[in-house]
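Contents: one structure, followed by commentary.
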């Protein structure tokens, strides 16, 4: 018997129960087979990663326990993440391409497979399910980002943000070449000109470009967003902030 996390019989109230639903969420077939095999069965209590042929050769009913097993979605995500990390980036990109294409998010004008390959590589180990690409890189697949309210509020309360965003915008518009090393050097130079630390510029820049407080590395993010789109998003964030009541000196940080 398989139980939910609360110890009761697994049912729809614990989440998805159909195999197709897990496929839609971005779980790989081999990871799902591996995980389901571990529910009530163990080879030696130590090994958890098994290919299909390894399972066929190792599995035996004698090593199945009689105690009900808990279906732990977090462990399934962890296992799925391991399977994804073991795939070449090109194979992960192929899976992401299919997932995005089925949802009308790919292809995108001005973007190619090489660009998407760089996006998947930038997301890296955060990709625990194929649909995690939306959580960590969805901002690259939309024309206009939607701001997380907490992230936006935090950006609005940053000291001198009204100076920071235009300064970063002007730097990105001019920097050559438009790569990670040059944008990092340019941002640090802009921070120095403002008498601030680089981190003071990085946070509001991230929020302006992604709408969130976390994501891939900021300089990867800038380059993947592209010069034209990055400057447009910084302009929009600055415009929105100008229309927002400014925090008091005590609120600013």
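Please treat every number below as a calculation from the coordinates, not as lab data. Worth saying up front: this structure is predicted, and the values here are computed from it rather than measured. Glycine gets a Cβ as well: all are built from the backbone with ideal geometry, and neighbour counts include every protein chain shown.
How far is helix 198-210 tilted off the main Cα axis of the chain, in degrees rounded to 10, range 0 to 90?
70
Work out the FRET efficiency for residue 179 and residue 82 from their Cβ-Cβ distance, taking R0 = 25 Å, and round it to the nearest 0.05.
Working from the Cβ atoms, E equals 0.20.
Could you tell me which label, among [x] 1, 6, 12, 16, 18, 17, 14, 10, 5, 2, 0, 0, 0; [y] 1, 5, 12, 13, 14, 12, 10, 9, 8, 7, 5, 3, 2, 0, 0; [z] 1, 5, 9, 12, 15, 16, 14, 12, 8, 5, 2, 1, 0, 0, carries the value of P(r) over Cα pairs in 5 Å bins from 0, in percent calculated for this structure?
Label of the calculated value: [y].
Using alpha carbons only, how many degrees (0 to 90, rounded to 10) separate the axis of helix 113-123 from the longest principal axis of the chain?
Approximately 80 degrees, to the nearest 10.
Which residues in the stretch 99-117 have a backbone N closer than 19 Å to a point placed 7 Å from the Cα of residue 236 along the Cα-to-Cβ line?
Output list for this probe position: 105-106, 108-111.
What is the stretch 149-243's relative contact order, in percent, from Cα pairs under 8 angstrom and six or more apart in sequence?
After rounding, I find 38 percent.
By how many degrees, 0 to 90 and rounded to 10, does the Cα axis of helix 73-85 deviate from the longest principal axis of the chain?
70
Could you grab the relative contact order for the chain? Cα pairs under 8 Å, six or more apart, rounded to a whole percent.
17
How would you order 101-109, 219-227 from highest to lowest mean count of nearby Cβ atoms within 10 Å?
Highest to lowest by the protection proxy: 219-227, 101-109.
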